[in-house]
Amino acid sequence: MSATPRPSLLQATAAVVRNELRLWFLAPGGWVFLAASLLLAGLFFTLSIGTTGEASLRGALPNLGVTLVFTLPLVTMRQLAEEARAGTLELLLTAPVPPLALLLGKWLAAVALCTLFLALTFPFPVVLFSWGDPDPGVLFTSYLGLFLCCCTFSAVGLLASALTADPMVAGVLGVLFLLPAWLASAAEALAPPHLAPVLARVSLADHLRSFATGVLDTGDLAWFGIVTALGLFGTWRALESRRWR
């Protein structure tokens, strides 16, 4: 009898993505994330427009980013922690599915769910174009900044989920990992002058600010890329340590 052919990396990754999305939308988790995120996003958008009167997302963008800081880890918390608690993670790591496909599939599924949230905020640009004259380029870079937040926060949340077998602990860890980057901007005003530049480099709000003004700064792009890579690498190492226990 011939052996079952091992799926390719692309096929295995796509299968993991489909399974994750199916689980999210068969259970309340995915719907709760979308509903809560959209509710908060709508509130922040309305307050921003009412306060500034600007036809842009500049005022709302930092608040939309912090919304994902608190809501996205609640999505990623069960991705690996629940598998570890149920005892299925070890089976997945010894199955014909490549570990890299498991990692990429879980991460891409979280990014896809977060991207769906961004797509569902389409009324925001509609309102802006209906009542003002926004710059399409600035809107594009604003959404690009939020998409990069999705990629980075999903990687960090997945790392938190890989470090524990308790999904609730993973959710709290994910928020705690991301929160210092958000609080760094507020700490700049209180920090000694020699620490202010360091806090500016790690501040999420500072890195989002250029996207809100239509500027693509290589330093900001690199920050999101590096943090995402570190989150995925940390998750990979955590999975490898489980694999060889």
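The values are calculated or read from the model by the stated rules, or taken from the named source; none is laboratory data. Values in this document were obtained by computation on a predicted structure and should not be read as measured data. All Cβ positions, even for glycine, are placed from backbone atoms using ideal geometry, and neighbour counts span all protein chains on display. To get the accessible areas, we keep the full protein, side chains included, count just its heavy atoms, and leave off ligands, DNA and RNA. Shrake-Rupley method; radii C 1.70, N 1.55, O 1.52, S 1.80 Å.
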Segment 218-231 residues that are touching a residue at least 12 places away in the same chain (Cβ under 8 Å), paired with ones that are small (G, A, S) (beta carbon under 6 Å, 6 or more apart):
D220/S210; T228/A155; G231/A155
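Pick from A112, A119, A187: which is out of contact with any helix residue (DSSP H, G or I) (no Cβ under 6 Å at 6 or more places or on another chain), under 24 Å from A60 (Cα atoms) and free of Cβ contacts under 8 Å to residues at least 60 places away in the same chain?
Details: A112 fails: free of Cβ contacts under 8 Å to residues at least 60 places away in the same chain; A187 fails: out of contact with any helix residue (DSSP H, G or I) (no Cβ under 6 Å at 6 or more places or on another chain).
It is A119.
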Can you pull out every residue in segment 143-163 that is assigned to a helix (DSSP H, G or I) and open to solvent by 60 Å² or more (accessible area, probe 1.4 Å)?
F147
Count of segment 226-245 residues which are closer than 30 Å to G137 by Cα and loosely packed, with under 14 Cβ neighbours inside 10 Å
2
At pLDDT 90 or above and of a type in the set (S, T, Y): does that describe T94?
no
Which count do you get for residues in segment 164-178 that are open to solvent by less than 40 Å² (accessible area, probe 1.4 Å), among the hydrophobic types (A, V, I, L, M, F, W, C) and closer than 23 Å to W223 by Cα?
2
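If the requirement is being exposed (fewer than 14 other Cβ atoms within 10 Å of the Cβ) and either touching a strand residue (DSSP E or B) at 6+ places or on another chain (Cβ under 6 Å) or closer than 24 Å to L57 by Cα (or both), which of these qualifies: V138, V215, V202?
V215 is the lone residue from the list that is exposed (fewer than 14 other Cβ atoms within 10 Å of the Cβ) and either touching a strand residue (DSSP E or B) at 6+ places or on another chain (Cβ under 6 Å) or closer than 24 Å to L57 by Cα (or both).
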Any chance segment 7-21 includes a residue that's open to solvent by 10 Å² or more (accessible area, probe 1.4 Å) and more than 30 Å from P96 (Cα to Cα)?
no
Answer yes if at least one residue in segment 192-205 is aliphatic (A, V, I, L, M) and in contact (Cβ under 8 Å) with a residue 24 or more places away in the chain, and no otherwise.
yes
Select from segment 46-94 the residues that are among the acidic types (D, E) and assigned to a helix (DSSP H, G or I) and write down the one among them that is most open to solvent (accessible area, probe 1.4 Å).
E90
